[in-house]
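Down below is the structure, laid out as structure tokens.
The values are calculated or read from the model by the stated rules, or taken from the named source; none is laboratory data. Everything quoted here is computed from the prediction, not taken from an experiment. Note that we place each Cβ from the backbone using ideal geometry, even for glycine, and neighbour counts take in every protein chain shown.
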Amino acid sequence: MIIKNRLKLCAIISSVIMLTALVMTIFGYGINFGIDFAGGLSIEYNMNSAFQQSDVETALSNQGLSDFKVSTSGADGTILNIRIPKLDSNEEIQVLQAGLEAELLQSYPNMDVDTSTASYVGPTAGATLVKNAILSVLIASVLMLIYIAFRFDLYSGMAAVIGLLHDVLIMLSFMVLLRNVIQMNSSFIAAMLTIVGYSINNTIVIFDRIRENNAKPSYHSLPRDEIVNISISESLGRTVNTTLTTLVTIVSLYVLGVASIREFSLPIIVGIVSGLYSANMINGYVWAMLVEHKTAHKKSKKAKK
Amino acid sequence: MKVTNRRRIKLNKRTSSMIALAVLLVVTVFAGYVGLNGMNLDSRGLYKMLPWIPQTNVTKDTWPASIALGLDLQGGVFVEYEATMSDELKEEGYNFDQLLDNTMEIIGRRLSDKGFTEATVSQLGVTGIRVEIPDVTDPAAVLDLIGSPAKLEFLDYNGNVFLEGRYLKTATRTVDENSKPAISFQLTSEGAQIFGDMTAKSIGKTITIQLDGQELMSPSVHEAIYGGSILVTGSFTEEQADNYALQLQSGSLPLDLRQDRLDTVSATLGDDALGSSVNAAIIGILLVMLIMVWRYRLSGLLADWALCLYIILLFLFIAVVPGIQLTLPGIAGIILGIGMAVDANVVIFERVKEEALAGRPILHAVRIGFKNAMSAVVDANITTIIAAIVLLFFGTGSVQGFATTLLLSVVASMITAIIITRFLLTHMARILKNPKLYMTPKKMSARTAATDVKEAK
């Protein structure tokens, strides 16, 4: 298979995905932030039998709460999840949990009180998390830029980092598009950084080949993006197979894993696919564009003189 | 003469390669068996090698004891606090880091005194404290102990509060001059002044020390006490003195704590998470192995062999190195690491294939293929390592668990891919020389076609 330069088409496809996510966010259908970012209290009970959500809602109202979300999960729908966005102190939680359990036990004596899972996150934790997320992606990207610029050249570094940021933006966009399926929690930061470190691997394999081909005397007369075409085609077996092996492991995690593992593996799946796409369809051509632009610039300078 | 000589050497090389592979195969099978089942080192079973590789459908009880599980898999409570220093302490020029250490020490002592001996208290970032207590599902009991510090008050003979817990630096059990149990406490300089002034006015009377409104003790004052170093004697037993000292100390956590996070994981949910992720790992590994054999035939089989060794070694490493706890994201890191582990092999095998297709004998192809692939393999792994290190610095709790195992598995996988796979492939190439064994025939024709097209251009 011979790959061709389709940079414009790819730019359109990626922009459409990102713009859709942006528009959804503007209209209030943005990322579905989980408890790590949004704060509040989340409790999970195994009810051991079917239950009415309205019963739980009444019990919560009786505890003096108005702002809460009740949902059901588990294979046979016996797991009760409660989210309460605003709660300040730990004493409040204990009083609330005790009251709620006492009331629910009356209607559902089978419910498992001892094996509940509760998470509480304070209101300021989310801001720190966002700051850390942005900072860590930026620092990692700068380090990648420096490393690639050192091993290859500055333009390769720039092209690779453009690819990375593209992948991270695609991951964020899919967090918006899949907002009904997945919540964003602190594990998303781990997912982003994994992709920053991983998706560059394919780019490196291709850039390695570009560097090799670029040095071949027989290719000197070819335009840069033709060399990129050849290099990508030659590396395709590599990039597809490496992605396939990693994708297989992470997909089996997603299929078999528990909720918190799914939250983590889905963004990674998106990132890995996006990484394969950007490495083969975008990064090399961006590099070619940057290099051509520079040589054209030099030539025009010379012409002026 | 010469010719026969060369032949003999060739034959020897082939035989020695066979022996080398056979020995490694025995080692692999043996290590795998011991890893899964453990082994008695003497006939009476006094010295035992514990198993370290998890099996299918694993639960907390069947999990290898040699690998410590994190709280999310074991069940338990963890709390994160954000510590701040009060303005008074700031003005007195206290060192925040020192006070944070003290606070963590007090929390740790309080927990272990109450029987939570497996609890760990660690620093989180610059100003945070993280407390983990395994095997507890009722956070209330624990939080009562840490979360809401008791209020310490000193009352004068009229029952008015004249000094509070924040003026207390330390309280410890000691003995008085008659070797009877006593409590010694140290006040801050400001507290010492207030206490001195008050005792000067109260000679012959009693002052009262209250904890959360309950009277702890009412010692009588014999003289004015300045200097802030106070010895309280009374009719305590040793245990009471200990408890009082602890409670006094508790009343005065040096820093203000705000609870930022609380997580309770029940042991059964931990079991679900553990079992399903280990099963996911096993299925993922098998699929990766199949893909490798499908794509690269004999080379793929050798890569699978190296992957088995990698898994044995990685878990052995996790079991042996102290302080590594396996968390749920940690398992995810390992699984992802396994997917990445074979990446290096893919890059190498594709290079080998290229060289073989160019007509080189397979042993040469292996050598040159490894040499050409090395820079891409090293570069790719270093970038992942960079990302994992950044994550170690910025991540909290569970994210760090992921970063740790990802880092470990990337480093281990690079080593196995480069050293073990090369060893296996070089020896195998001496035994079986047909290049077709090392690649898929279909792929081969497709690739020649592509090369043909290029050459035609």
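Tabulated data
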read-out: Filter result for the condition that a residue is surrounded by fewer than 22 Cβ atoms within 10 Å (Cβ to Cβ), part of a helix (DSSP H, G or I) and more than 19 Å from the chain's Cα centre (by Cα), over B:Ser276, B:Ser299; value: B:Ser276
read-out: Evaluation of A:Gly163 against (1) in contact with a Leu (Cβ under 6 Å, 6 or more places away or on another chain); (2) crowded, with 22+ Cβ neighbours inside 10 Å (one fails), failing number; value: (1)
read-out: Residue selected from the stretch B:314-352 under the condition among the charged types (D, E, K, R) and at the interface with chain A (Cβ under 8 Å from one of its Cβ atoms), by the criterion nearest to B:Leu71 (Cα to Cα); value: B:Asp343
read-out: Test: B:Ile386 is β-branched (Val, Ile, Thr), within 7 Å of another protein chain (Cβ to nearest Cβ) and without any contact (Cβ under 8 Å) to a residue 60 or more places away in the chain; value: yes
read-out: Options A:Ile269, A:Ile206, A:Ile230, A:Ile195: the member that is within 25 Å of the chain's Cα centre (by Cα) and facing chain B (nearest Cβ under 9 Å); value: A:Ile195
read-out: So A:Leu253, is it assigned by TED's automatic domain parsing to the domain that holds A:Phe152 and at pLDDT 90 or above; value: no
read-out: Within the stretch A:91-109, considering residues that are at pLDDT below 80 and closer than 18 Å to A:Asn46 by Cα, the one farthest from the other protein chains (Cβ to nearest Cβ); value: A:Leu96
read-out: Residue, farthest from B:Leu71 (Cα to Cα), within the stretch B:91-103, restricted to residues that are among the polar types (S, T, N, Q) and part of a helix (DSSP H, G or I); value: B:Gln98
read-out: Odd one out for B:Thr117, checked against (1) of a type in the set (S, T, N, Q); (2) buried (at least 19 other Cβ atoms within 10 Å of the Cβ); (3) farther than 19 Å from B:Leu255 by Cα; value: (2)
read-out: Residue that is part of a helix (DSSP H, G or I), free of Cβ contacts under 8 Å to residues at least 24 places away in the same chain and in contact with a helix residue (DSSP H, G or I) (Cβ under 6 Å, 6 or more places away or on another chain), where the choices are A:Asn201, A:Asn213; value: A:Asn213
read-out: Test set (1) modelled with pLDDT of 90 or more; (2) crowded, with 24+ Cβ neighbours inside 10 Å; (3) of a type in the set (A, V, I, L, M) - A:Ile200 fails condition number; value: (1)
read-out: Residues satisfying the stated conditions in the stretch A:154-192, i.e. part of a helix (DSSP H, G or I), more than 27 Å from B:Glu350 (Cβ to Cβ) and touching a Gly at 6+ places or on another chain (Cβ under 8 Å); value: A:Val168, A:Met171, A:Val176, A:Ile189, A:Ala190, A:Ala191, A:Met192
read-out: Selection within the stretch A:139-171 - within 14 Å of another protein chain (Cβ to nearest Cβ) and of a type in the set (Val, Ile, Thr); value: A:Ile139, A:Val142, A:Ile146, A:Ile148, A:Val161, A:Val168
read-out: Some residue of the stretch A:29-47 being away from every other protein chain (no Cβ under 14 Å) and assigned to a strand (DSSP E or B); value: yes
read-out: Residue check, A:Ser278 assigned to a helix (DSSP H, G or I) and among the small types (Gly, Ala, Ser); value: yes
read-out: Single residue of the stretch A:72-85 satisfying the filter (assigned to a strand (DSSP E or B) and farther than 11 Å from A:Phe51 by Cα) that is modelled with the lowest pLDDT; value: A:Ser73
read-out: Residue that is farthest from B:Gly38 (Cα to Cα) [pool: residues in the stretch B:75-103 that are surrounded by 20 or more Cβ atoms within 10 Å (Cβ to Cβ), modelled with pLDDT of 80 or more and not β-branched (Val, Ile, Thr)]; value: B:Ala83
read-out: Conditions (1) in a helix (DSSP H, G or I); (2) exposed (fewer than 14 other Cβ atoms within 10 Å of the Cβ); (3) not small (Gly, Ala, Ser): number failed by B:Val126; value: (1)
read-out: In the stretch B:104-120, the residues that are at pLDDT 75 or above and either part of a loop (DSSP other than H, G, I, E, B) or under 16 Å from B:Arg258 (Cα atoms) (or both); value: B:Met104, B:Ile107, B:Phe116, B:Thr117, B:Glu118, B:Ala119
read-out: Residue among A:Ile272, A:Ile261 that is free of Cβ contacts under 8 Å to residues at least 12 places away in the same chain, surrounded by 22 or more Cβ atoms within 10 Å (Cβ to Cβ) and in a helix (DSSP H, G or I); value: A:Ile261
read-out: Subset of the stretch A:10-56 [within 14 Å of A:Ser71 (Cβ to Cβ) and hydroxyl-bearing (Ser, Thr, Tyr)]; value: A:Ser42, A:Tyr45, A:Ser54
read-out: Evaluation of A:Ser187 against (1) among the polar types (S, T, N, Q); (2) surrounded by fewer than 24 Cβ atoms within 10 Å (Cβ to Cβ); (3) more than 20 Å from B:Ile291 (Cα to Cα) (one fails), failing number; value: (2)
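Each row is one residue, and each column tells you yes or no for (1) β-branched (Val, Ile, Thr); (2) surrounded by fewer than 21 Cβ atoms within 10 Å (Cβ to Cβ); (3) not assigned by TED's automatic domain parsing to the domain that holds B:Leu25.
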| site | (1), (2), (3) |
| --- | --- |
| B:Ile318 | yes, no, no |
| B:Arg367 | no, yes, no |
| B:Ile389 | yes, yes, no |
| B:Leu392 | no, yes, no |
| B:Phe423 | no, yes, no |
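Quick grid of which residues meet (1) at the interface with chain A (Cβ under 10 Å from one of its Cβ atoms); (2) out of contact with any helix residue (DSSP H, G or I) (no Cβ under 9 Å at 6 or more places or on another chain); (3) closer than 25 Å to A:Leu80 by Cα; (4) modelled with pLDDT of 85 or more:
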| site | (1), (2), (3), (4) |
| --- | --- |
| B:Arg258 | yes, yes, no, no |
| B:Ala273 | yes, no, yes, no |
| B:Asn279 | yes, no, no, yes |
| B:Arg295 | yes, no, no, yes |
| B:Asp304 | no, no, no, yes |
| B:Leu309 | no, no, no, yes |
| B:Ile312 | no, no, no, yes |
